[in-house]
């Protein structure tokens with residue numbers, strides 16, 4: 001398996017070459033959030049104007065928050081479809097269209113992954129880390145291999161088992177790098193504008209959004225490596 005640094009460099013190169021398209025994909029939930037905030041403001045204004053109770057405005061706000069969360073999950077699936085079909089030369093909305101039939105499967109796989117990892121951490125830190133690593137490719141496999149939730153979890157473990165320590169180390173390097181980038185830029189913004197400044201908070205949110213896509217690209221590079229290993233060993237096992 002390539003070193004953590006090499007995987008990170010490959011992922012950053014991929015991101016840099018595809019920055020405009022990836023930016024368009026990840027901005028969709030932010031646009032949805034902006035629309036939701038406008039709608040919530042209008043509803044709250046009319047509620048006050050008509051002297052109605054706040055329950056209605058709260059209900060609308062809750063539904064909008066849920067809608068934005070679902071769109072964010074949809075965005076993650078669309079990003080994986082872009083990584084998968086990068087050379088298709090289609091528009092941003094097409095990746096959302098392609099991912100829409102897989103939305104429920106992607107959502108349920110992510111939910112199952114979260115439950116399993118949480119259960120692992122209930123036993124202790126080590127089982128939690130192992131489960132988090134074994135099943136880390138599950139949502140990716142929904143897109144790349146058309147798996148359902150259970151199949152994706154099983155196949156992810158199948159790919160990673162035997163490489164668990166290597167993958168844990170590479171994920172540690174990935175997350176350390178992402179945190180370092182965030183902290184450096186946040187520190188610069190805080191020194192320039194102050195810790196409580198709106199500009200500093202905006203910087204932190206923007207950096208979190210922009211750094212985020214490196215993780216799924218990195219996971220794709222791990223997946224590609226492990227899949228190639230499996231394909232290379234399959235003929236030898238068959239003979």
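The values are calculated or read from the model by the stated rules, or taken from the named source; none is laboratory data. In this text, all values refer to a predicted model and were calculated from it rather than measured experimentally. Note that we place each Cβ from the backbone using ideal geometry, even for glycine, and neighbour counts take in every protein chain shown.
Can you tell me which of (1) assigned to a helix (DSSP H, G or I); (2) under 18 Å from the mean Cα position of the chain (by Cα) is the one residue 136 doesn't meet? It is condition (1) that residue 136 fails. Each residue in segment 147-184 was checked for being farther than 13 Å from residue 214 by Cβ and in a helix (DSSP H, G or I), and 21 of them qualify. When the residues of segment 74-98 are narrowed to those that are over 14 Å from the mean Cα position of the chain (by Cα) and either in contact (Cβ under 8 Å) with a residue 12 or more places away in the chain or surrounded by 15 or more Cβ atoms within 10 Å (Cβ to Cβ) (or both), which ends up nearest to residue 144 (Cα to Cα)? The selected residue is 84.
Scanning segment 141-154 finds one or more residues that are touching a helix residue (DSSP H, G or I) at 6+ places or on another chain (Cβ under 9 Å), in contact (Cβ under 8 Å) with a residue 12 or more places away in the chain and closer than 14 Å to residue 222 by Cα. Against the list (1) under 20 Å from residue 24 (Cβ atoms); (2) at pLDDT below 90; (3) assigned to a helix (DSSP H, G or I), the condition residue 80 fails is (2). In segment 174-211, which residue that is crowded, with 16+ Cβ neighbours inside 10 Å and under 17 Å from the mean Cα position of the chain (by Cα) is nearest to residue 10 (Cα to Cα)? The extreme case among them is 174.
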